[in-house]
Amino acid sequence: MARLSATRREALTFYLCISPWLVGLLLFVLGPMLVSLGISFTRWDLLTPPRFVGLRNYERMLNDPLFWQSLKVTALYTLLYVPTELVGGLALALLMNQRVPGIAVFRTIFYLPSVISGVAFVVVWMWIFHPEAGLLNLALAQVGIAGPRWLTDPRTALSALWLMSLWGLGRTAVIYLAGLKGVPKELHEAAVIDGATAWQAFRHITIPLLTPTIFFNLILSLIATFQTFTSAFVATNGGPLDATLFFVLYLYRQAFERFSMGYASALAWVLFVIILSLTLLVVRSADRWVYYEGARR
Amino acid sequence: MQRSLGRVMSFTVLFATLAGLLAACGGAASTPPPVERTVVVEATVIVERTVEVPRDVVVTPTAAPQAEGAKIVLRVGTGDSGEGLTPHLKIIEQFEQANPDIQVQLEPVGSGDYYARILTQIAAGDPPDILQIGDDAVPQFVQKGAFADLGPFISGSSYPLDTGIYLPGVLDPGQWDGKQYLLPKDFSPLAVYYNKKLFDQYNLPYPTEAWTWEEFLATAQTLTKDTDGDGKTDVWGVQLPGPWTSGFEYWVAAAGGRLISEDGSTFEGYLDSPETATAVQFYSDLYNEYKVAPPPADLNAFGGGNSEFESGKAAMRLFGRWPQAGLKENPNVDLGVVGPPAGVERANVLFWGGFGISALSENQEAAWRFLSYYVGAQGAEVWKDWALPTVASVAEASGQANDPIEGVWIGELEHLAPRAYVSTPYWGATADPALRRVLEKVIIDPATDVPAALKAAVQEAQQALEDQQ
């Protein structure tokens, strides 16, 4: 048996060690993905064999008003939600970073919604948003405001879902919190000695050192938001009047209500390309605004 | 920098890949994995079995016995869940005692995933031998060859079935192209529930058979009350089922219209006919002009998500028989039931569930033996305690046919108008969503131009119909 060189052996060990993941990826991720790419060029209702239709599924999107509506809803919601999650999460993390007695309890409370299952979470909020008997409108009535019909009004439904999602800020905040803990104290001390105000210290020390965390949260949030599904599926089912018809919900409908597997797969690939390009865009932009301590520039 | 970026890059690619996969999987992105449990249903177990079955139960079939002369194992797929499984299990138990050579396995799939499940099973060539499906799914499944023609079995020599035993109209939804593919499990037309307490309180006579839309409206208006004078309605005339399209077909039929041409080729002149417009306008007016119906609390919920009738805050409710058992026991309600009011026509629509034999089943003979028992007189004897019985003699013997409440439901079978889905397998993918949008629109916005909205719906539906072909 030939002796392997040290580097080769190292490489072999590496592949051996990651093989459980690699096999899983090939079998359960890459395989299905390629199959779905193939299906996207067919018409398939599961009952009869798929029929090759070339690019027709992709052409169909151009004239499908619901495709554009779902894209619009998803983009609008992403524009609304991602910034609030980034800023709100940071604000929450700053609060949770205070040294006050019992802060661990608050951290737990704020993180708590993140461990609740998505559906249970949404159902609770549906009660809160109930137009007549809901907590929110009862509270608004106390101060003399006639609350809107939230989930049953096309003008407020998307905002209601946005409001609902803000409950999950804790997850982002915890990641920020870890980032905040990593900001060296001595930099702040030096800044204070030099006469910097709290805001200046925050703006010129905390924020730059936090950019890798912001970057990570941005990518995570972007991808997750583009895939919003549970809240719309459970609370509004895309309505009223398609005001909350998210892209993934529309895709789900095509696949599992209409059983148009071909069209659904084509939609999935369009979503994949959109998410991939946005993510790459963010990654490319990182050079300009993400700073790593100790990195050579 | 290089290293970190590389790391982040691979992370990103991993996430993006995952994203694509999840999207490809149909967006189950954030749904938790279903709880899988194996429940093997056997006769000996059922006797002691409690009826509580968790909603997400997925029954994985056990392998069929290989030995010569072993029992034939039949698999039965149903979308029922929870308490609804009890009658299934009861009938299976009785059947197995009478037919020791056959073992029946119930495979329930709850929470709305049932069709997706059986379709994937069919695509994989391994569906249950007997499948339960609902009315509007029949054309789609049958047309694609999922079910076996029951004709030869019904008139066969070994286990013939007398189709004359059924109540009128309940066989029709199981037919396609003149052949019987499914047999009825249970059914429900629409009717108007009324709360006698509120009628008594305001000295109003109870509604009677053969009332009209005008009388219905007048009754609803009389019973819509602002009891504390704060300008808000406290008691509503009638609770309506929101933008529920299948239920809305009653209004169209009563207005003398239909939603699709009989041959299923076009919606033009039907979905946008003056009759349909009249029905939509009247329905909208009940909400917005006369304000006798509470606005839907949850447009997404089946039936509009309202609970005014249950809490004694609405005098009437138009719906199917499904919530009746609860309403009978509800202390807020002294229940009466009457047929829906007549417009130009005295009409009703039928909701239906039935069983058929999979075209892929290798045990069609045995499956027929079970099926004819399941939906025959013996089966109906069990179903009658859970739903309206489909067999006339059972309805008579149990007294349901002459019951002041159950008799109304059964009597409604005399007034059935054809549902739109019987004309095309594509109804659910084409005009149904378009009509739903119109209904949502008129309920939300009273100023909607109904004829124009219907015109737009026709265009959308027609375009979708072309995409299907």
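The table for this structure:
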item: Hits in the range A:23-43 - residues which are under 22 Å from B:Asp126 (Cβ atoms), within 11 Å of chain B (Cβ to nearest Cβ) and open to solvent by 60 Å² or more (accessible area, probe 1.4 Å); result: A:Phe28, A:Val35
item: Considering residues of the range A:249-294 that are more than 7 Å from chain B (Cβ to nearest Cβ) and not in a helix (DSSP H, G or I) only, the residue nearest to A:Thr48 (Cα to Cα); result: A:Ser260
item: Residue satisfying all of: in the range B:62-88; assigned to a loop (DSSP other than H, G, I, E, B) and open to solvent by less than 50 Å² (accessible area, probe 1.4 Å); modelled with the lowest pLDDT among these; result: B:Ala70
item: Helices (runs of 4 or more DSSP H) enclosed by the range A:1-120 - at least 2 residues per element that are in contact with a helix residue (DSSP H, G or I) (Cβ under 8 Å, 6 or more places away or on another chain) and of a type in the set (A, V, I, L, M); result: A:31-39, A:65-96, A:103-115
item: Given (1) within 14 Å of chain B (Cβ to nearest Cβ); (2) in a helix (DSSP H, G or I), number of the condition A:Leu140 does not satisfy; result: (1)
item: Residue selected from the range B:116-156 under the condition acidic (Asp, Glu) and under 15 Å from B:Trp352 (Cβ atoms), by the criterion farthest from the other protein chains (Cβ to nearest Cβ); result: B:Asp135
item: Filter result for B:Leu190 (within 23 Å of the chain's Cα centre (by Cα) and closer than 15 Å to B:Asp136 by Cα); result: no
item: Residue among A:Tyr292, A:Tyr263, A:Tyr252 that is open to solvent by 10 Å² or more (accessible area, probe 1.4 Å) and within 22 Å of A:Trp68 (Cβ to Cβ); result: A:Tyr252
item: Of all residues making up the range B:212-240, the number that are open to solvent by less than 10 Å² (accessible area, probe 1.4 Å) and either farther than 29 Å from B:Arg437 by Cβ or not polar (S, T, N, Q) (or both); result: 6
item: In the range B:454-469, residue nearest to the other protein chains (Cβ to nearest Cβ) [restricted to those that are polar (S, T, N, Q) and open to solvent by 50 Å² or more (accessible area, probe 1.4 Å)]; result: B:Gln463
item: Filter pass, B:Phe355 being surrounded by fewer than 18 Cβ atoms within 10 Å (Cβ to Cβ), within 23 Å of the chain's Cα centre (by Cα) and of a type outside the set (Lys, Arg); result: no
item: Among (1) of a type in the set (D, E, K, R); (2) open to solvent by less than 30 Å² (accessible area, probe 1.4 Å); (3) free of Cβ contacts under 8 Å to residues at least 12 places away in the same chain, the one test that A:Glu59 misses; result: (2)
item: Flag if B:Ala315 is open to solvent by less than 20 Å² (accessible area, probe 1.4 Å), touching a helix residue (DSSP H, G or I) at 6+ places or on another chain (Cβ under 8 Å) and under 27 Å from B:Gln462 (Cα atoms); result: no
item: Checking B:Leu286 against (1) open to solvent by less than 10 Å² (accessible area, probe 1.4 Å); (2) assigned to a loop (DSSP other than H, G, I, E, B); (3) out of contact with any Pro (no Cβ under 6 Å at 6 or more places or on another chain), the condition it does not meet; result: (2)
item: Among the residues listed as A:Pro101, A:Pro49, A:Pro83, the single one being within 12 Å of chain B (Cβ to nearest Cβ) and open to solvent by 40 Å² or more (accessible area, probe 1.4 Å); result: A:Pro49
item: Only listed residue being within 14 Å of chain A (Cβ to nearest Cβ) and either surrounded by fewer than 16 Cβ atoms within 10 Å (Cβ to Cβ) or modelled with pLDDT under 95 (or both), chosen from B:Pro274, B:Pro295; result: B:Pro295
item: Within the range A:208-247, tally of residues that are in contact with a helix residue (DSSP H, G or I) (Cβ under 8 Å, 6 or more places away or on another chain), open to solvent by 20 Å² or more (accessible area, probe 1.4 Å) and away from every other protein chain (no Cβ under 12 Å); result: 2
item: Residue tally, condition open to solvent by less than 40 Å² (accessible area, probe 1.4 Å) and either within 17 Å of the chain's Cα centre (by Cα) or within 11 Å of chain A (Cβ to nearest Cβ) (or both), over the range B:413-431; result: 10
item: Residue list for the range B:89-120, restricted to those being part of a strand (DSSP E or B) and either open to solvent by 20 Å² or more (accessible area, probe 1.4 Å) or in contact with a Ser or Thr (Cβ under 8 Å, 6 or more places away or on another chain) (or both); result: B:Gln103, B:Gln105, B:Leu106, B:Glu107, B:Pro108, B:Val109
item: Where A:Ala191 falls short, out of the listed (1) open to solvent by 20 Å² or more (accessible area, probe 1.4 Å); (2) free of Cβ contacts under 8 Å to residues at least 40 places away in the same chain; (3) more than 29 Å from A:Ser159 (Cα to Cα); (4) assigned to a helix (DSSP H, G or I); result: (1)
item: Number of the exception - B:Lys384 against (1) closer than 27 Å to B:Val235 by Cα; (2) in contact with a helix residue (DSSP H, G or I) (Cβ under 6 Å, 6 or more places away or on another chain); (3) without any contact (Cβ under 8 Å) to a residue 24 or more places away in the chain; (4) of a type outside the set (A, V, I, L, M); result: (1)
item: Qualifying positions in the range A:133-143 - open to solvent by 90 Å² or more (accessible area, probe 1.4 Å) and not polar (S, T, N, Q); result: A:Leu135, A:Val143
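The values are calculated or read from the model by the stated rules, or taken from the named source; none is laboratory data. Just so we're clear, the structure is a prediction, and the values are computed from it rather than from any experiment. Methodologically, a virtual Cβ is constructed for each residue, glycine included, from the backbone with ideal geometry; neighbour enumeration extends over all protein chains shown. In case anyone asks, the SASA skips ligands and DNA or RNA and just uses the protein heavy atoms, side chains included. Shrake-Rupley method; radii C 1.70, N 1.55, O 1.52, S 1.80 Å.
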